[in-house]
Structure formats: C-alpha cells, structure tokens
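Written below as structure tokens is the structure these notes are about.
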Amino acid sequence: MAAPPGPPVSAGPVPAPVPAQRPHLTELRLSAFAGHRGAALPLGPLTVLAGRSGSGKTTALRAYEALARLAGGAALGEAFPDPDACVPERSRPDAQRRRGFRIGCTADGPEGPVRLDVAVQAEPELRVVGERLTAGGQVLLETALRDPGRRTVQAAWHTAGPTAVTRAPLPDDRLGTPLLPLRVAGRTAGQRRVLAAAEQMVVALRAVFACDPAPGLMRGAPARPGVGRLLGGCDNLAEVLWRTRAECGRRHAQFVAAVRAGCAGPVADVLAEPVAGGGVRALLDRGDGVRTGLARLGHGELRYLALALVLFTGPGVLEVDPAGEVPAALQTLTVLADGLDHGLDPAQRAELLGLAARMCERGHIRLVGAVADASWAAGAEGVTVVHLDA
C-alpha cells in the first residue's frame, strides 16, 4: 500500500512552540488516505486548513479525530465507521485482494519528537497490518501482520536489557501504542523510554473535541439536563452555559465580552434559565430589561457564540476523552473545527481568530480549523495556514 509522492503543502509562518512539558502534535501525515497521498500537514498552536471544496480539509480533520479515538483505546470500527471511504480511490488491490490506507503523526514533548505511523487494511476486512513508533531515529515499537489467518499482529518493542527486543502478539483491531503500559514492565532504561514515548503520543492525541456548531439544533427545544458536557453540534449549549456561568465568574465575564464583540446589539450578560418541564434555555441579556432567546439570533451569531464558549472551556466541560491518569496541567485540548468561518461576517471572523490566538498562545488549548479561503487569516500573528490546494 505504498503511496506515491503527493502535491507539496505550503504553510504560513509557524509561531513559537508551546512549552515542551505539554505533549502536542506538530504534524499530521496522510500518506495514503482518501484523496490525500504523501501529504504532511504542519500543525501549530492555531492552524487553519485552507482549500476549495474537495481539497480534503474535512478528511484531514477526520483522520486526526480517528487517531485520537485509537489512542483512547477504541477499536478500528469505531475510529473508521466507513473504512472504504478512507482508501484512496484509484488504489488497486494486491495479489491477496487487499486494499487499505496509511496515516500518522508526530508528537512533541518531554521525549522530543515521537512519530507514529499506522497502516490499516480496509478490504477484505478491517484490521491493523502495521504500526511503528519511533523517537530519535530509533524504532521503539513495530507491528506487522504475519499470519492473515490469526486475529493478531506480531509486535516487537525495544527493551535494551539482556534481550534487546521483546516480541508478543497484539490484537489487530486496535492501536498497539496505548496498550504498551499493559505489556511493558519498565524495568530497563529501554523499556522506560518506550513507555515514555507511548505516553507522550497518547496524551498528545487523546483530548480532542470535534466541533461543528449546528444553529438549527441550538434553536430547538430547551436543553434537557443530564449530558453535562458540550456536544460537538453544541445543541446542548444552554445546559453547559448553566454550569459554566456558576463555576468561574472571571472566565464567564471574558466570554460575555467576546460575545458582545461578535453579536449584534448590546449584550450585558449571557445566561441560562430553567423553563417549565425541566429544560434549560440560553438568553442574551440586553441590559435594558430585554432578554433575547437563541432562536432569535442569526446563523453566524450562533456559531460565533458556540465557538467562543468552546475556547473558554476545557476537557471537563466538553465531550472529550482526556487521559485521566495524567494531570490536567500536562495535557493539551485540541479543538477540530470544521467550517470554522462558516456563516461568520468579517468582523466575527476577526474577533474569533483573535480570541483563538490568545487562548492558544497560553498552551493549554490548540485549534485546527478548516476554511475555504484563508486570506483573512494569512499573516495574522500566531496562525499557521496550510494550503491544501497547493
């Protein structure tokens, strides 16, 4: 399933890296994935993927999200619900009638750059056929499908003890890297290096929130308490706002200021209130006794408000899968925002970009957004622009 070189990918200026103690992705590789071949996408704290419809922006975000799911222990079928769509369209099956795809990424952190590359067979059945974890030019974990009749891959990881390499079978329906802490004892320096590199990769990938606010859902019936964390479509925004407004007054005041800058008319507060029947609805307090329900806001206003709330919150508020065994201070939340500028007017785009740059500069949050035209973001301080049409 080798992939020929693809078109070059151009990027804008890459801002200064975030502190090394927080693992984070610096590159997403789409070696052979859907419409991408040989693509290496650089990732900064705030990255904008730009390109016309069909250039693969959404595909890149889905690949990132799939890697995050795999790092959290999900099975291949959960990470790739439609694996056939991930196979490059013109790829031909081999002699055993197999076709698949290849993706990977690089995570930086205390262990330096760590690379993960994964080859997945989509046909005739979904399974991992190869995985490689490397750091400093040394292979720390490598797996390969040796016997198609068995539901395992043969894994080998670096030991650097009396035995240089340890070999054992791993399941072929999951990523091997997050399983290493269950298999590696950590007795030798080599084993500890393997564990540290695997942890860095898993922590860098785990806390991902895929977000595409849906104004139609946000205008729907009052949110019902129970979910507790913001969903990707932001349809339960009122429920989450009810919680966040009470948890941190300073952060809520900053959120209100951001909403004031991006919504028409005066905004004194953004609040949630219970309604008959047990639901919760969100409102803009206009400061003169008038309160405007979300159903009256424009499409762009709703998307702007939802994205601003996402940037002011964290893994405890968003529907993400953080690494619970790692302190929050050492984790980075990554927001994947498809159609980042969809429905926004120029003033809203500028305000949201500035807010995102300020939040990402602090290092605890990163954002990868997809837009059709990034001319409005090109040259902005702290923004990495990746052109997929190049």
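For the stretch 153-163, taking the residues that are under 29 Å from the mean Cα position of the chain (by Cα) and of a type in the set (A, V, I, L, M), the one that is surrounded by the fewest Cβ atoms within 10 Å (Cβ to Cβ) is identified as A156.
On the stretch given as the stretch 207-239, residues that are in a loop (DSSP other than H, G, I, E, B) and either of a type outside the set (A, V, I, L, M, F, W, C) or closer than 23 Å to R167 by Cβ (or both) total 14. Within the stretch 340-348, is there a residue that is modelled with pLDDT under 85 and assigned to a loop (DSSP other than H, G, I, E, B)? Looking through the stretch 340-348, none of the residues is modelled with pLDDT under 85 and assigned to a loop (DSSP other than H, G, I, E, B). Going through (1) in contact with a strand residue (DSSP E or B) (Cβ under 8 Å, 6 or more places away or on another chain); (2) open to solvent by less than 10 Å² (accessible area, probe 1.4 Å) one by one, V317 falls short only on (2). Across the stretch 116-152, the qualifying residues are those that are of a type in the set (D, E) and in a loop (DSSP other than H, G, I, E, B), and the one among them that is farthest from the chain's Cα centre (by Cα) is D147.
Yes/no matrix, rows are residues, columns are (1) open to solvent by 30 Å² or more (accessible area, probe 1.4 Å); (2) of a type in the set (D, E, K, R):
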position: G232; (1), (2): no, no
position: A238; (1), (2): no, no
position: R250; (1), (2): yes, yes
position: A272; (1), (2): no, no
position: A282; (1), (2): no, no
position: G287; (1), (2): yes, no
position: R303; (1), (2): no, yes
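Quick one: how many residues across the stretch 164-206 are part of a loop (DSSP other than H, G, I, E, B), hydrophobic (A, V, I, L, M, F, W, C), more than 27 Å from E125 (Cα to Cα) and open to solvent by less than 30 Å² (accessible area, probe 1.4 Å)? Residues meeting the conditions: 1. If you go through the stretch 35-58 and keep only what is surrounded by fewer than 19 Cβ atoms within 10 Å (Cβ to Cβ) and among the polar types (S, T, N, Q), you end up with S53, T58. Applying the set (1) under 27 Å from the mean Cα position of the chain (by Cα); (2) farther than 27 Å from G298 by Cβ; (3) not β-branched (V, I, T) to R167 leaves exactly one unmet item: (1).
Count of the stretch 347-381 residues, restricted to those that are in contact (Cβ under 8 Å) with a residue 60 or more places away in the chain and farther than 26 Å from R206 by Cα, is 10.
Considering the conditions (1) open to solvent by less than 10 Å² (accessible area, probe 1.4 Å); (2) in contact with a Ser or Thr (Cβ under 7 Å, 6 or more places away or on another chain), P213 is excluded by exactly one of them, (2).
Exactly one residue among L67, L76 is buried (at least 18 other Cβ atoms within 10 Å of the Cβ), touching a helix residue (DSSP H, G or I) at 6+ places or on another chain (Cβ under 6 Å) and either modelled with pLDDT of 95 or more or farther than 18 Å from L133 by Cβ (or both), and that residue is L67.
Restricting R92, R115, R150 to residues that are open to solvent by 20 Å² or more (accessible area, probe 1.4 Å), in contact with a strand residue (DSSP E or B) (Cβ under 7 Å, 6 or more places away or on another chain) and of a type in the set (D, E, K, R) narrows the list to R115. Test A380 against the criterion of being of a type in the set (G, A, S), open to solvent by 20 Å² or more (accessible area, probe 1.4 Å) and over 25 Å from V208 (Cα atoms), and give yes or no. For A380, the condition - of a type in the set (G, A, S), open to solvent by 20 Å² or more (accessible area, probe 1.4 Å) and over 25 Å from V208 (Cα atoms) - is not met.
Restricting the stretch 15-33 to residues that are open to solvent by 20 Å² or more (accessible area, probe 1.4 Å) and not in a strand (DSSP E or B) leaves a set whose member that is modelled with the highest pLDDT is R22. Does V256 satisfy the condition of being within 30 Å of A63 (Cβ to Cβ), out of contact with any Gly (no Cβ under 8 Å at 6 or more places or on another chain) and part of a helix (DSSP H, G or I)? Judged against the criteria, V256 is not a match. Considering the stretch 288-339, the residues that are of a type in the set (D, E) and at pLDDT below 80 include one that is nearest to W376 (Cα to Cα), namely E319.
The values are calculated or read from the model by the stated rules, or taken from the named source; none is laboratory data. Not measured: the values here are computed from a predicted model. Methodologically, a virtual Cβ is constructed for each residue, glycine included, from the backbone with ideal geometry; neighbour enumeration extends over all protein chains shown. Just the protein is used for accessible areas: all its heavy atoms, side chains included, with ligands, DNA and RNA removed. Shrake-Rupley method; radii C 1.70, N 1.55, O 1.52, S 1.80 Å.
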